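Colleague: Input: one structure, supplied below.
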Amino acid sequence: MARRRQRAIDLAVLQAETAQLQVEALRAELSGLHQELARRDVELISALTRVAAVTDRLRLQTEQDRDDHRRLTRAIELLTMFIASPPPELGTGGTAGATPPPRASTATLRGSGRWPPGSPPAASTA
């Protein structure tokens, strides 16, 4: 009977030691998995930070593009209205057929030294 009892105790100790080794192995494996997850978390945070920065730049660029598009649309509307409107009447009275204001003669311009922009003095017969 004592022998059986000793054998049961030895078997229980062996099972306890085996369980202890299994627990230690699982603890080491869990620690390794925890470190791997922490490393991946850092990589994910870094990637998400880069994605957020790019997204923010794209949002700003999209806003700028929309503003530019609105300004361009408005400029096209104004140009279309300008092209579609009749030319302004010449003269001060605003009546059709009015004569344009008198122009200075070439001799007057040459004597004053004032030439219209884009009109360099040319040889004239004044």
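Colleague: Report the charge-dipole magnitude of region 2-84 in Debye, nearest 20, computed about the Cα centre from +1 at each Lys and Arg Cβ and -1 at each Asp and Glu Cβ.
Modeller: Using Cβ point charges on Lys, Arg, Asp and Glu, region 2-84 gives about 480 debye.
Colleague: Can you tell which of Phe82, Val54, Gln35 lies farthest toward the positive end of the dipole of region 2-84, using +1 and -1 charges on the Cβ of basic and acidic side chains (Lys, Arg; Asp, Glu)?
Modeller: Farthest towards the positive pole: Gln35.
Colleague: Here's a follow-up. List, in order, the whole-Hz ³J(HN,Hα) value for each residue of region 50-61 obtained from phi through the Karplus relation with A = 6.51, B = -1.76, C = 1.60 and θ = phi - 60°; use x for Gly and Pro.
Modeller: Rounded to whole hertz, the list is 5, 4, 4, 5, 5, 4, 5, 4, 5, 4, 4, 5.
We did not get these values from a lab; they are worked out from the coordinates using the rules stated. Fair warning: this is a prediction, and the values are worked out from it, not measured in the lab. Glycine also receives a Cβ, built like all others from the backbone with ideal geometry; neighbour counts cover every protein chain displayed.
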